[in-house]
1. Relative to the Cα centre, what is the charge dipole magnitude of the chain, using +1 at the beta carbon of each Lys and Arg, -1 at the beta carbon of each Asp and Glu, and rounding to the nearest 20 debye?
2. Obtain the nm distance between the two label points defined at Lys27 and Ala126 by a simple spin-label model: each point lies 7 Å from its Cα along the Cα-to-C-beta direction.
3. HN-Hα J couplings of the stretch 111-120 from phi, Karplus 6.51/-1.76/1.60, θ = phi - 60°, integer Hz, Gly and Pro as x?
4. Taking Cα atoms, how many degrees apart are the long axis of helix 26-54 and the longest axis of the chain, rounded to 10 and kept between 0 and 90?
5. Taking the Cα centre of the stretch 77-139 as origin, work out the dipole magnitude from +1 charges on Lys and Arg Cβ and -1 charges on Asp and Glu Cβ, in debye rounded to 20.
6. For Asp51 paired with Ala20, estimate the spin-label separation in nm (one decimal), with each label point 7 Å from Cα along the Cα-to-Cβ line.
7. With the chain treated as a Gaussian network of Cα nodes joined by springs under 10 Å, which of Glu65, Glu94, Glu102 yields the largest mean-square fluctuation?
8. In a shell of Cβ-Cβ distance under 12 Å around Asn9, excluding Asn9 itself, what net charge do Lys and Arg (+1) and Asp and Glu (-1) give?
Amino acid sequence: MTKLIEFKNGELVAVGNFLAQAKLKGKASRGRTKLIKLIEEKNKEYNEERDTIRDPYFQVDEKGEKIVKDNNYVLKDTSKGKDLDKELADLAEEIVGIEFTEYSEKFKALYDALNNYNYELSDTNAVIYDLILDKFEKNFEKEGK
């Protein structure tokens, strides 16, 4: 049975950052490392897609480099800024799947460790923690039934 964990493109960095700082050991830590690597691959794809969307909107110089003014790329047509923002927002909301059947045992250990996590979490970390557990529960709780 194939196992899949899904996140929005815009959640990938926050999930990876949370996992990187979580205090884990043993098999759970190995599961975390595998998941972070898979997230990094998906985030790389996301950034490439962002560039593909953004590039046509920006002015370039004679060398083909984007023109920068006040630390921002210069739009070809300033009236199209909202169109660009909408396309990027839509891309950030797209769901990406990370197939992890091969690492199921390590991911189960990660899920168990996070489910029994004894450290206090607040703000963004608490939200990301809840998100990760919700995603894992879809895979692991149905196994127990």
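Please treat every number below as a calculation from the coordinates, not as lab data. Bear in mind the structure is a predicted one, so any value in this text is a computation, not a measurement. Every residue, glycine among them, receives a Cβ derived from its backbone with ideal geometry; neighbour counts consider all protein chains shown.
1. 680
2. Modelled inter-label distance: 3.1 nm.
3. 4, 4, 5, 5, 5, 10, 5, 9, 9, 6
4. Compared with the principal axis, the helix lies near 20 degrees.
5. Details: 7 positive and 16 negative charges, 24 e Å.
Taking the Cα centre of the stretch 77-139 as origin, the dipole is about 120 debye.
6. 1.9
7. Taking springs between Cα atoms under 10 Å, the residue moving most is Glu65.
8. With Lys, Arg at +1 and Asp, Glu at -1, the neighbours total -4.
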